[in-house]
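What follows is one structure encoded as structure tokens, with my remarks underneath.
The values are calculated or read from the model by the stated rules, or taken from the named source; none is laboratory data. Small disclaimer: the values here were computed from a predicted structure and weren't measured. Don't worry about glycine lacking a Cβ; one is built from the backbone with ideal geometry, like all the others, and counts go over all protein chains shown. Just so you know, the surface numbers come from the protein's heavy atoms only, side chains and all, with ligands and any DNA or RNA stripped out. Shrake-Rupley method; radii C 1.70, N 1.55, O 1.52, S 1.80 Å.
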Amino acid sequence: DFMKQGHGMVLLYTLKNPSFPEYIFSSNSGVMCLDFNSEHPQLIAVGFYDGNVAIYNLRKETSQPSYKSSAESGKHSGPVWQVKWQKDDMDNNSNFFSVSSDGRIVSWTLVKNELVHMDVIKLSAEGTMQGPEGLQLQTLGCGTSFDFHKKIDYLFLVGTEEGKIYKCSKNYSSQFLDVFEAHHMAVDTVSWNPFHLKVFISCSSDWTVKIWDHTIKTPMFVYDLSCAVGDVAWSPYSSTVFAAVTIDGKAHVFDLNINKHEALCTQLVVTRKKNKTTHIQFNPFFPIIIVGDERGLITSLKLSPNLRKMPKEKKGQEVKKGPEVEMAKLEKLLSLVREPEGK
């Protein structure tokens with residue numbers, strides 16, 4: 001409940017023992033988001049409702065964060081909606097980015113024993129508002145989600161409360177490379193495809209999931225899921241598979257390669273009336289997805305074989321696998337919906 005802010009917790013589970021967490025960290029403020037560092041998996045970046053960010057180290061025998069921002073060191077003035085680690089910088093310092101409702105995107109670097117912050121970009125909604133007595137008021141764009149390009153290091157996307165998606169560069173702090181008029185309501189998730197370097201997906205409370213080519217201003221595919229979409233995630237094993245959750249408690253799994261128009265599976269995950277599903281994530285190795293909901297429950301589900309179709313091996317023929325094949329598969333689908341050049 002946003003009106004009654006209480007304590008927060010980070011719990012780390014293993015699928016081998018779902019009944020009790022392996023690690024427990026409690027905090028004074030509600031936890032909004034977290035991200036594991038892939039190069040140093042013992043480090044977790046966490047964003048809080050009060051605008052702070054922190055880093056927890058699983059190797060330390062303490063429940064306190066190893067690093068935490070403060071009012072003096074650049075904390076956000078709104079809830080932190082997402083944190084994302086980046087590759088270690090030139091000096092081998094670990095660093096991550098955060099996005100918040102205050103419209104700032106901030107990079108945090110671990111230098112010696114402190115978190116050093118730098119504002120990367122400040123979102124401001126198009127134009128200024130006329131204030132009292134002709135004052136020009138700058139209206140702020142509120143960041144809700146972001147994602148960094150898998151290969152082009154400086155490129156990232158930011159989704160906002162107004163429904164726009166900004167394409168940004170780490171090198172320019174005051175301007176955007178591009179703006180997509182993406183949704184009518186807040187962009188809940190924006191995410192690059194892990195295989196195809198031009199494609200990203202977005203979802204919103206306006207009931208839609210949209211798939212984009214970042215060089216084109218209109219979406220390639222639009223799916224109406226008849227209910228506000230809380231989260232969407234690409235699968236790690238196929239360029240054409242993604243899953244979404246809607247707040248009516250359902251999980252939807254799509255494979256564009258099999259059906260471009262509707263989900264292969266739509267399943268009720270939470271049953272209680274007042275509960276909403278909020279998050280979905282694929283396991284990077286196993287055909288498992290986890291779904292989080294508003295009551296604080298995590299449901300782990302196994303994808304049935306028809307939802308994780310792998311290319312069949314015919315006798316005497318080798319089936320090609322790998323990123324190039326995945327990229328080509330999605331490219332073929334996109335070429336069907338792209339307008340022919342020179343029209």
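Inspect all residues belonging to segment 18-28 and state whether any of them is surrounded by fewer than 16 Cβ atoms within 10 Å (Cβ to Cβ), under 22 Å from the mean Cα position of the chain (by Cα), at pLDDT 90 or above and among the hydrophobic types (A, V, I, L, M, F, W, C). Looking for residues that are surrounded by fewer than 16 Cβ atoms within 10 Å (Cβ to Cβ), under 22 Å from the mean Cα position of the chain (by Cα), at pLDDT 90 or above and among the hydrophobic types (A, V, I, L, M, F, W, C), one finds none in segment 18-28, hence no. Within segment 198-215, residues that are more than 18 Å from Glu331 (Cα to Cα) and open to solvent by 10 Å² or more (accessible area, probe 1.4 Å) sit with their Cβ atoms under 8 Å from residues that are part of a loop (DSSP other than H, G, I, E, B) and among the polar types (S, T, N, Q), at 6+ positions apart or across chains, in these pairs: Trp207/Ser226. Within segment 241-270, the set of residues being open to solvent by 10 Å² or more (accessible area, probe 1.4 Å) and of a type in the set (S, T, N, Q) comprises Asn257, Asn259, Thr266, Gln267. Sort out which residues of segment 276-314 are in contact with a strand residue (DSSP E or B) (Cβ under 8 Å, 6 or more places away or on another chain), at pLDDT below 85 and either assigned to a loop (DSSP other than H, G, I, E, B) or of a type in the set (Ser, Thr, Tyr) (or both), and write them in order of number. Listed by number, the residues that qualify are Arg308, Lys309.
Remark: His183 falls outside the filter, which requires a residue to be surrounded by fewer than 23 Cβ atoms within 10 Å (Cβ to Cβ) and touching a strand residue (DSSP E or B) at 6+ places or on another chain (Cβ under 6 Å). Restricting attention to segment 236-259, the residues that are free of Cβ contacts under 8 Å to residues at least 60 places away in the same chain, more than 14 Å from His279 (Cα to Cα) and not aromatic (Phe, Trp, Tyr) add up to 4.
I'd like to know if segment 110-124 contains one or more residues that are open to solvent by less than 70 Å² (accessible area, probe 1.4 Å), under 21 Å from Val190 (Cα atoms), assigned to a loop (DSSP other than H, G, I, E, B) and touching a strand residue (DSSP E or B) at 6+ places or on another chain (Cβ under 9 Å). The answer is yes, given that some residue of segment 110-124 is open to solvent by less than 70 Å² (accessible area, probe 1.4 Å), under 21 Å from Val190 (Cα atoms), assigned to a loop (DSSP other than H, G, I, E, B) and touching a strand residue (DSSP E or B) at 6+ places or on another chain (Cβ under 9 Å). Residues in segment 168-180 that are open to solvent by less than 20 Å² (accessible area, probe 1.4 Å) and either of a type outside the set (A, V, I, L, M, F, W, C) or within 19 Å of Val245 (Cβ to Cβ) (or both): Ser169 only.
Within segment 1-17, the only residue that satisfies the criterion of being more than 27 Å from Thr109 (Cβ to Cβ) and surrounded by 15 or more Cβ atoms within 10 Å (Cβ to Cβ) is Tyr13. In this entry, His76 passes the filter for residues that are over 17 Å from Lys112 (Cβ atoms) and in a loop (DSSP other than H, G, I, E, B).
Cβ-Cβ contacts under 7 Å between residues 6 or more apart (or on different chains), taken from a first residue in segment 57-76 that is under 17 Å from Pro21 (Cα atoms) to a second residue that is at pLDDT 85 or above and in a loop (DSSP other than H, G, I, E, B), are listed as Asn57/Gln42; Leu58/Gln42; Arg59/Gln42. Every condition in (1) within 24 Å of Lys16 (Cβ to Cβ); (2) open to solvent by less than 60 Å² (accessible area, probe 1.4 Å) holds for Ser238 except the one numbered (1).
Listed conditions (1) in contact with a Phe, Trp or Tyr (Cβ under 6 Å, 6 or more places away or on another chain); (2) surrounded by 17 or more Cβ atoms within 10 Å (Cβ to Cβ); (3) at pLDDT 90 or above are all met by Asp231, apart from (1).
Applying the condition of being polar (S, T, N, Q) and at pLDDT 85 or above to segment 59-92 and asking which residue is surrounded by the fewest Cβ atoms within 10 Å (Cβ to Cβ) yields Gln86.
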